Amino acid sequence: MRGHGKLTEKNVKEALREVRIALLEADVNYETARGFIKRVKESALGEEVLNSITPGQQMIKRVHCELIELLGGRTKDWNLHAQPAGIMLLGLHGAGKTTTAAKLARHWMRKGKSVLLVACDIRRPAAVEQLATLAVQVGCEIVRPSEGETVPQIGARARQTALEQDFDVVIYDTGGRFQVDAELVDELKQLRTAVDPQDVVLVLDAAIGQESVNVAGKFDEELGITGLIMTKLDGDARGGAALSVQSVTGCPILMASAGEKPEDLEIFHPERMASRILGMGDVVSLVEKAQDVFDESEARKMQAKLDKNNFDLNDFLAQFQQMKKMGSMESLIRMIPGASKIPDNALAQSARESKRAEAIIQSMTPRERSRPKIIDGSRRARIARGSGTRVSDVNELLKRFNQSKKMMKHLRKQQKGLPKLGL
């Protein structure tokens, strides 16, 4: 579209042909893709190109705005006004309901709310124990089924417990099936009647592609779901599920998960997801992740060590571990604008290098970590053997450490010099 002063029917049609192919390759529902292309075409045709804005940028703007609308337009919130607020999680086997329940508990506990998890999956082997283990990890209470109790009875008892003990949120982890059947629907309807939840949320595996539309449609028809949580939303070919489900069912996507860790569950922001899909990055979410793991006291200690030139490999290791808390290296890099052009194998290589560096530092003695200068040839060979790496890898890590130390020292000097310059 370069060189054109106006978006014409011809150049818009050519551009949207590639967009249509990309949507279908991402497993977006055919009707959804067709309607999307039609709306973008109608909004783009005949627009005069503004000064310094190319037709290509105009098209990106049109596609971005339509993607936001397709994904729901704005961020939807949970209905937590009741005391306690009941959240009933539905889904098929393998969708990730149990881990999502624990992630939700962590999410609200970090906001100061008391959360009660309820194990209503009494058929899947070890489902109750899995939820109990996760409850311990996130630090919340759990209601287990008693012998002979039905699912509605478990729910009713848990709701009464929540009322008596003033819990803010109750999360019901229900059973699943490999497909929606009459027995499952009947069980879920009885539980819904017994606990009267404020939100009935479908946990949907984004990896099943267009089938997610059928699954969501059946659950909505039978139980009237109020929202969706997308799991395994960690690949370009899986983004189509989010686009399709929101468009076809009209149910808002409340949260999305791109990993197994508790911190991998995020509030779903349509505008941010649209930016990721278009390869424009998501700096806001990246900053929020950094703020979430930021430890002010540790930052002050690090600053004091830099002032005294005492930055060592223990601090270098702490930085790697801080990054891990934010999520996988691949997911973090994908949030950087322009990172969509980086090949997947390059991202995987970066993640491997990060793990290798961590293993190398952990294979050092405490004295070697605090005094890197003593690491001579024999020590490097021993560290390489202990970490399952090569001596060249150890050399490369020490080189990176020294470069980082110099850079941080230089930045610190610049920061101290700013007041003198009146800035």
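The values are calculated or read from the model by the stated rules, or taken from the named source; none is laboratory data. Keep in mind it's a predicted model, so treat the numbers as computed, not measured. With ideal geometry, Cβ positions are generated from the backbone for all residues, glycine too; neighbour counts draw on all protein chains shown.
May I ask you to list the residues in the stretch 150-194 that are among the acidic types (Asp, Glu) and either over 19 Å from residue 86 (Cβ atoms) or in contact (Cβ under 8 Å) with a residue 12 or more places away in the chain (or both)?
166, 168, 173, 181, 183, 186, 187
Can you tell me which residues in the stretch 159-175 are crowded, with 24+ Cβ neighbours inside 10 Å and closer than 16 Å to residue 200 by Cα?
169, 170, 171, 172, 173, 174, listed by residue number.
Considering only the stretch 168-182, state which residues are under 16 Å from residue 222 (Cα atoms) and out of contact with any Lys or Arg (no Cβ under 8 Å at 6 or more places or on another chain).
Residues satisfying the conditions are 177, 179, 181, 182.
Tally time: how many residues in the stretch 124-143 are touching a helix residue (DSSP H, G or I) at 6+ places or on another chain (Cβ under 6 Å) and farther than 12 Å from residue 105 by Cβ?
Final tally of qualifying residues: 2.
Scanning for something assigned to a loop (DSSP other than H, G, I, E, B), free of Cβ contacts under 8 Å to residues at least 60 places away in the same chain and not assigned by TED's automatic domain parsing to the domain that holds residue 147, does the stretch 54-68 turn up at least one residue?
Yes, the stretch 54-68 has at least one match.
Quick one: is residue 20 surrounded by 15 or more Cβ atoms within 10 Å (Cβ to Cβ), modelled with pLDDT under 90, assigned to a helix (DSSP H, G or I) and not hydroxyl-bearing (Ser, Thr, Tyr)?
Yes.
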